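Supplied in structure tokens, the structure appears directly below.
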Amino acid sequence: METSANGLRVLVTAGGAGIGRVIARTFADHGARVHVCDVDEKALKQGNLPYTVADVAKLADVERLFSDVERRLGGLDVLVNNAGIAGPTARVEDIRPEDWDRCIAVDLNGMFYCTRKAMPMIKAAGGGSIINLSSAAGRLAFPMRTPYSAAKWAVVGFTQSLAAEAGPEKVRVNCIQPGVVEGERIERVIEAKAKGLGVDKEEVRRRLLEGVSMHTTVTAQDIANMALFLASDAGKHISGQALSVCGGARYLV
């Protein structure tokens, strides 16, 4: 199976740490020229890849980001819309509107801002791939996490509509729906959910994994492997899909 990324020009948003850093490094290790952005410059410096400090929820930052991409890569073949935040953990009546707005701004608006700049570049390259990060919360109910879940469900519609719109010009658009991904972020989510429910963190972890058929977490590398597959020749006829990498998640708590 051919999963080389040799020569591909790739942008990974929120590539300074976590899933984004692993995706960026995986593409680079398979021959791609990779540019990353993040709000955390310290984390970006540790990644040893060309970068732009940018908040994807800010139009001016996105404009500057794509100027850097054009200058440094000379075009674009692959966009990985990875940037996202967890948003608030609370019942809907207790969520502050500004916290809702910030979650939607990063998780959905930022994806639109980056895609509208990337699409002409990918079309000019003769086609390519856009990979959006949704979540298991984009296909399952996620109580006390409505802003995040709403954004991640919206990513699926955005993905499928873009795939239909850009398919004739050989742009493939898919989204990945990670399950419970190991790392600092899920630990923060578990802690917030435990506080909201008034239970121990280990009880929340047990409930989360009980809802997964394989009773397992997944890794950032699992997500990166799927992204590489979708962007490579191995995935050249896959578009408009929401692909779960979750160990068989059946429900979220």
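Can you tell me the length gained on complete extension of the stretch N6 to K170, counting 0.36 nm per residue apart and subtracting the Cα distance? Walk me through the intermediate numbers first.
On the way: separation 164, 0.36 × 164 = 59.04 nm, distance 1.88 nm.
Result for the pair: 57.2 nm of gain on full extension.
Over the chain, with a Gaussian network built from C-alpha contacts below 10 Å, which listed residue (A125, A57, A24) shows the highest mean-square fluctuation?
The residue with the greatest mean-square fluctuation here is A125.
So, one more: Could you tell me which trypsin sites (Lys or Arg not before Pro) in region 84-160 are loop residues by DSSP with no more than 15 other beta carbons within 10 angstrom of their beta carbon? Walk me through the numbers on the way to the answer.
Values: sites: R91, R102, R116, K117, K123, R139, R145, K152; in loops: R91, R139, R145.
Filter output for region 84-160: R91.
For the chain, modelled as a GNM with alpha-carbon contacts under 10 angstrom, which of H35, H215, H237 fluctuates the most?
Highest fluctuation of the listed residues: H237.
Which percentage, to the nearest 5, of the DSSP beta bridges contained in the chain is antiparallel? Intermediate values should be presented prior to the final figure.
Details: 1 of 26 bridges.
Taking every DSSP beta bridge with both residues in the chain, the antiparallel ones total about 5 percent.
Report the residue, chosen from M214, M144, M119, that carries the largest GNM mean-square fluctuation when the chain is represented by alpha-carbon nodes joined by springs under 10 Å.
Looking only at M214, M144, M119, the biggest GNM fluctuation is shown by M214.
What FRET efficiency comes out for the pair E98/N48, r = Cβ-Cβ distance, R0 = 35 Å, nearest 0.05?
Numbers: r = 36 Å, r/R0 = 1.02.
For E98 and N48, the calculated efficiency is 0.45.
Compute the length gained on full extension between E203 and E41: take 0.36 nm times their separation in residues and subtract their Cα-Cα distance, giving the result in nm to one decimal. Kindly include the intermediate steps, with their values, before the conclusion.
Values: separation 162, 0.36 × 162 = 58.32 nm, distance 3.53 nm.
So the extension gain works out to 54.8 nm.
Every number here is computed from the coordinates shown, using simple stated rules; none is lab data. Since the model is a prediction, treat every value here as computed from it, not as a measurement. As a convention, Cβ positions derive from the backbone with ideal geometry for all residues, glycine included, and neighbour counts pool all protein chains shown.
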